[in-house]
Amino acid sequence: MSPLVGVLALQGASGEHTDALQKLGVRALEVRMPEDLKTIDAIILPGGESTTISMLLESSGTFEPLKERLSQGLPAFGTCAGMIMLSNKVLDGRTDQRSFDRIDISVRRNAFGRQIASFETEIDVHGLGEPFPGVFIRAPGVETVGPEVEVLATVTLDDQSEMPVLCRQNNILVSSFHPELTEDLRLHQMFLSEV
Ligand code: GLN
C-alpha cells in the first residue's frame, strides 16, 4: 500500500497539497487532532500564517504530540509558513509563536519586504533538470544555515547575495515558496522519495 501522508489542515493551503499527493497516487489524511497523527508515515506543513498555525496547534492539543512524532523521525515537508514551523529559530515572529526545531536554519518572516511581498521566479533546484516555478507569497527568508543542512536552491537578492529558498536536513524538506500552487509535482516527488 502507498504511504499515508498527513497534511496539517488547521489553517492555510492544505487542499492543494492533498491534491498533489493524490495526483502522485499517494494516500493523504488531513491532520487536525492528535488522533490523526497515529497512522501517518510523513507530514506536510502548508503555507498560511505561522502565528495562527502555532496557536491552533497548541489549542487543539496537537503541538506536543506532533513534536514528539517529528523528534522520532517522522519525515516532514514544510512550505512557507510550514518552513517557519519546522525551523529552529524564527526571526520577526510573535513572542508566543513556537516552532518544531527540526531543521537547523534561522528564518525571518516576511523577509522579502512589503513592496515585493509576492512574486514568481524560476528556480534552479539541485538535482532537478528544468527550473522549478517558484511562487512566493509573503515568504520567509533563510538567514543562517547550520552545517547539517543542504541548500538545494537559492534566489539572488538585489545586493547580489544568494538567499536559500529550498533546504533539506535528513528527511526534513523546507521551501520558502509554494510548490503546491503550481502543476509541478517534482518537489512533492522529491519529498516522497524520503518516505
Ligand atoms: N508570512 C507568513 C508567516 O509568517 C507565511 C506566508 C505563507 O505561508 N504564504 O507565517
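Every read-out reported here was derived from the displayed coordinates using simple, explicitly stated rules and does not represent laboratory data. Predicted model, so just to flag it, every value in this text is computed and none were measured. Cβ atoms come from the backbone with ideal geometry, glycine included; neighbour counts cover every protein chain shown.
When the residues of region 19-30 are filtered to those that are in contact with a Leu (Cβ under 9 Å, 6 or more places away or on another chain) and not small (G, A, S), the one that is farthest from the ligand (Cβ to nearest atom) is R27.
Checked against the criterion of being under 16 Å from S106 (Cβ atoms), of a type in the set (V, I, T) and assigned to a strand (DSSP E or B), region 147-156 has at least one qualifying residue. Residue count for region 58-98 satisfying the condition of being within 15 Å of the ligand (Cβ to nearest atom), touching a residue at least 60 places away in the same chain (Cβ under 8 Å) and not aliphatic (A, V, I, L, M): 6.
Matching residues to (1) over 21 Å from D104 (Cα atoms); (2) outside any strand (DSSP E or B); (3) within 15 Å of the chain's Cα centre (by Cα):
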site	(1), (2), (3)
L128	yes, yes, no
P133	yes, no, no
A139	no, yes, yes
E143	no, no, no
C167	no, no, yes
F177	no, yes, yes
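Among the conditions (1) within 16 Å of the ligand (Cβ to nearest atom); (2) free of Cβ contacts under 8 Å to residues at least 40 places away in the same chain; (3) closer than 21 Å to A42 by Cβ, T121 misses just one, which is (3). Only residues that are under 16 Å from the mean Cα position of the chain (by Cα) and surrounded by 16 or more Cβ atoms within 10 Å (Cβ to Cβ) were counted across region 145-162, and they come to 6.
When F112, F119 are checked against the criterion of being surrounded by 13 or more Cβ atoms within 10 Å (Cβ to Cβ) and in a loop (DSSP other than H, G, I, E, B), a single residue qualifies: F112.
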